[in-house]
Amino acid sequence: MMTAPRDGEVLFRELPRAEVEEMIARNNVGRIAFAFHDRVDIQPVHYVYERGWLYGRTSDGEKISTLKHNQWVAFEIDEIKDTFDWRSVVIHGSFWRINPRGSERAEELWQKAAELVSRIVPGALTDNDPVAFRQILFRIAVSDVRGREAQLKPVHT
């Protein structure tokens, strides 16, 4: 039996797909989680969302080494205003490094990713790049998406 929420009670709800898509599109920073053997790591990254793909860039290092062995990732995006006023989306998908060489299609994909990334980091991959050491472009295929929200029902006097 469901009961009506009391004043001051926390309400949780699943976000419909349309709200999840809007949240992913309006944000540009998330956290990518990845695992290898018995170690799980999570790191913040910039991203751009377009048609079922997250595009971003990173630098060579442990994350890239790990993702060569296991391409499956989780990606989280949060909007937090207060303890009981937040939204969170978790995406599961596969990580793909974009190689600019190899075929005409690979070059087109690299150019597209570079253009998308430059929308959030003006000067990306140019002489004016504020984080020039981040030369690796990637995309994540969005396979499964879930969103949740918490809100505190106002107290009525």
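Miscellaneous remarks
- The residue that is modelled with the highest pLDDT, counting only those in segment 100-148 that are touching a Pro at 6+ places or on another chain (Cβ under 7 Å) and loosely packed, with under 14 Cβ neighbours inside 10 Å, is ALA106.
- Qualifying residue in segment 101-124 (condition: in contact with a strand residue (DSSP E or B) (Cβ under 8 Å, 6 or more places away or on another chain), under 28 Å from VAL20 (Cα atoms) and among the acidic types (Asp, Glu)): no
- Each residue in segment 38-62 was checked for being open to solvent by less than 50 Å² (accessible area, probe 1.4 Å) and acidic (Asp, Glu), and 2 pass.
- Flag if ARG87 is in contact with a Lys or Arg (Cβ under 9 Å, 6 or more places away or on another chain), closer than 30 Å to ARG146 by Cβ, open to solvent by 50 Å² or more (accessible area, probe 1.4 Å) and among the charged types (D, E, K, R): no
- Yes/no for LYS81 being modelled with pLDDT of 90 or more and surrounded by fewer than 16 Cβ atoms within 10 Å (Cβ to Cβ): yes
- Qualifying residue in segment 97-105 (condition: within 22 Å of PHE34 (Cβ to Cβ), of a type outside the set (Gly, Ala, Ser) and assigned to a strand (DSSP E or B)): yes
The values are calculated or read from the model by the stated rules, or taken from the named source; none is laboratory data. From a predicted model like this one, the values you see are computed outputs, not experimental measurements. In this analysis, Cβ positions are derived from the backbone assuming ideal geometry, glycine residues included, and neighbour counts consider all displayed protein chains. Side chains included, ligands, DNA and RNA excluded: accessible areas come from the protein's heavy atoms. Shrake-Rupley method; radii C 1.70, N 1.55, O 1.52, S 1.80 Å.
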